[in-house]
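Inspection log for the structure reproduced underneath, given as structure tokens.
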Amino acid sequence: MGTANVRISPSLEFGAVKKEGMLRQTWKGLKKNKLAMVGLVLIILLIIMAVFADVIAPYGVDDQDLTQKFQPPSMEHIFGTDDFGRDVFSRVIYGSRYSLAIGACAAILSAAVGMIIGSVAGFYGGKADNILMRLIDIMLAIPSTLLGISIVAALGNGIRNVIIAVAIGAVPAYARIVRASILSVKEQEYIEAARSIGASDLRIIMRHILPNCLAPIIVQITMSVAKAILEASALSFIGLGVQPPSAEWGAMLSAARPYFRSYWWVMTFPGLAIMMIIFGLNLFGDGLRDALDPKLKS
């Protein structure tokens, strides 16, 4: 009985090697950028805080002790306590779950919608491109924060509506990036070859065009997570986002406003948490952009 020979397609083998090489080169580029690695460490710490909040936090998120209210930072309460005697450190840790969930979900949702709009506009052109891009221009004319306020005011408070509002505001950036990328590659020879063998438009977009547009999309996702966290915190701060007593950083800032002059720690530490994660995401996004930019590779 003969032994069957399994032959691996050269194109698949080359694609796997190319993908592995790109990942390795990107990681090497990131490692050379010290600021990007600092940002990556901050992001990893946020993820660890969110996943293991029940283990890391010394107190429950809503544990109250009115005899311990407004205690300054100490060994017992690292970040002090608030007006209900709740441990601020524990609430900041639990608040990372809201920030991570809102940032990640809003970025994924906006990326998906923006990629669809940008793909249709860039690939088909003509009237479809004209109509879709004019709609995008209208959205760009409205400040994203004002658009988010309007959407949440219409839909109501809650984490789901905040995610929808923040995601809608980020769609135009993805649509324009994907459209520009598709316009630059859709006339390449390999696209014509795919058409000549009868590949459908959907297959050409999904298998041949979008994979070559991933670099700017990945960078934009990283940046939009930071923007989503900031906008969600702003909405919660003005009372239109996640509502108290939820330990969301923006809501914590809003609740601490009346006490800031007398009890600085109640407002300072949630604000520092927002600042650090935005700082980390921006550092990592800048480093990722440099690592994925072929013009900057030696």
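Bear in mind these aren't lab numbers, they're just calculated from the coordinates by the rules spelled out. Remember, it's a predicted structure, so these values are computed and weren't measured experimentally. Note that we place each Cβ from the backbone using ideal geometry, even for glycine, and neighbour counts take in every protein chain shown.
Here the chain is treated as a sphere whose radius is the Kirkwood value from Cα pairs; by Stokes-Einstein at 20 °C and 1.002 mPa s it diffuses with a coefficient of 99 µm²/s. Taking Cα atoms only, the orientation of helix 88-124 departs from the longest principal axis of the chain by about 30 degrees. Net charge of the neighbourhood of ALA121, taken over other residues with C-beta under 13 Å away and scored Lys/Arg +1, Asp/Glu -1, is +3. Cβ-to-Cβ counts within 10 Å put VAL266, VAL166 in ascending order as VAL266, VAL166, the fewest first.
What is the sum of charges, Lys and Arg at +1 and Asp and Glu at -1, for the other residues whose Cβ falls under 12 Å from the Cβ of PRO245? Please list the in-between numbers first.
On the way: positive: ARG86, ARG91; negative: ASP62, ASP63, ASP82, ASP83, GLU248.
Around PRO245, the surrounding residues sum to -3.
Hey, what angle do you get for helix 144-155 against the long axis of the chain, alpha-carbon based, 0 to 90 degrees rounded to 10? Between the helix axis and the principal axis of the chain, the angle is about 70 degrees.
Counting only Cα atoms, segment 205-283 measures 59, 25, 15 Å along its principal axes, largest extent leading. Reported to the nearest whole Å, the Cα centre-to-centre distance from segment 125-161 to segment 252-287 is 28. Here segment 124-262 is described by how far its Cα atoms reach on the three principal axes: 71, 26, 22 Å, from widest to narrowest. Placing unit charges on each Cβ (+1 for Lys and Arg, -1 for Asp and Glu) gives segment 49-293 a dipole about its Cα centre, and among ALA173, PHE260, VAL185 the Cα reaching farthest toward its positive end belongs to VAL185. Against the chain, whose longest principal axis comes from its Cα atoms, helix 159-185 is set at around 30 degrees. Considering only ALA153, ILE274, LEU23, and ranking their Cα positions along the charge dipole of the chain that arises from unit charges at the beta-carbon of Lys, Arg, Asp and Glu, the one farthest toward the positive end is LEU23. Look at the dipole of segment 49-293 built from charges on Cβ: of PRO73, PHE237, ILE205, the Cα furthest out on the positive end belongs to ILE205. What net charge do the residues around THR81 carry, taking every other residue with its C-beta under 11 Å from that of THR81, with Lys and Arg at +1 and Asp and Glu at -1? That sum, taken over residues with Cβ under 11 Å, equals -3. Under the convention that each Lys and Arg Cβ holds +1 and each Asp and Glu Cβ holds -1, the size of the dipole of the chain around its Cα centre is about 980 debye.
Ranked by the mean number of other Cβ atoms within 10 Å of their residues, highest first, the peptides 234-240, 92-98 come out as 92-98, 234-240.
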